[in-house]
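Report on one structure; see the data block that follows.
Bear in mind these aren't lab numbers, they're just calculated from the coordinates by the rules spelled out. Please read these numbers as outputs of a predicted model, since none were measured by experiment. Cβ placement follows ideal geometry from the backbone for every residue including glycine, while neighbour counts extend to all protein chains displayed.
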């Protein structure tokens, strides 16, 4: 009995020693295999370095300490991307996929403190054809979950120390993803769910403005953006010294933007973005233009054409703008203050903002207060797929003291207005070159005073002549309205808002100087 017990103990100890031996052999082999995999079987333009490597075959985990990855062009081997991390942890590695399917399958990936620097101007497309049949090593990466903690990104412009895109801090979680390392198109990445928290996002692609976001919290259901800004790089005067022709000075601040059910389409050759609804809260937009500079004579497409010509698919079902403020100022003479128009309490709804070939008509409704006093309503419809860029616009303004427009009239028209615009309704339709419509107005004692060239004294002669042609508001219909016609020829080198203005101006002149009868 004792001998049998001794034999069992010896057998047990032998099995333990054998298991331990096999375990250490497998540990040694797997560590060497991973080292070989990382050094020899990654694509040749990927260079990976690290200070230490830990492999656990029982848990299927690999930990790299202080790894750094350099990615170069396939042809020139010029480095265009650098990635450094505190650690990279892979857990739940599928050995079968590695050995037989050329696939690195992982349950969990953790990247701690990654720092990415990318120089896109150094990246060049490869002249070599991609023959998957001749490529050896890992071709696909699959994982159940990826976690990135405390990362930052810097994508640089070619000019020295100039940032194109920067994210100072972000945490990212992606679930159920598939990456094809050999694919060069957008089909190379697929994922199921994600969550992103990012701070201090900067886009500096433009030479004149910087795009900034203080905070972003995003997942597949909702994106919440806090303090979105477009910040001018120059003051108004400095901008005029840095451009050779007219260019808008733009300053925008939006405290909060919410995008619901935002989805990216990577499945097709053409990239796509779909948003169920968007909410824009309290946007504050300042636009200034120095009209002393030479005109920008490039053709300005209407918004329908701009949407149609986007190089990606866009579909935003509904957009709501709440309690916004917009100001527009023009400097027309060097010794005068820029004339300014502003709109506050701007509420707008935009339905079907899209370039889908089967899209419904885009419909925009705007309610605001002109110069802080007069209620203004604007309705605007267009079909993005109409090649002539046809549109319909209707609007209404009420209770507008003419004096409130003098800050704009004085520097731009060298004139002052008197009287009250009680009600104005206009409707016109057009395309990319011309438009027609009708207008009706109800007003009291509408007059203009033409100023002398110095802008301080009234030119009595021109004022008297001008007011001869302006009707005092008599000869109205039964409801007290005078009628006029709208007809305008678009200057295609001007913006859509210039087109809108010359239509309204055409109707104003027709109503004030015509017989007031509806045609």
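The length gained on full extension between residue 221 and residue 163, counted as 0.36 nm times the residue separation minus their Cα-Cα distance, comes to 17.9 nm.
Here 274, 433, 511 are placed in order of increasing Cβ neighbour count within 10 Å, fewest first, which gives 433, 274, 511.
Spin-label model, residue 100 to residue 194: label points 7 Å out along the Cα-to-beta-carbon direction sit 3.3 nm apart.
A Förster radius of 35 Å combined with the Cβ-Cβ distance from residue 323 to residue 73 puts the calculated FRET efficiency at roughly 0.10. Residues 257, 384, ranked from the fewest to the most other C-beta atoms within 10 Å, line up as 257, 384. Placing a pseudo-label 7 Å from each Cα along the Cα-to-Cβ vector at residue 210 and residue 270 gives an inter-label distance of 3.6 nm.
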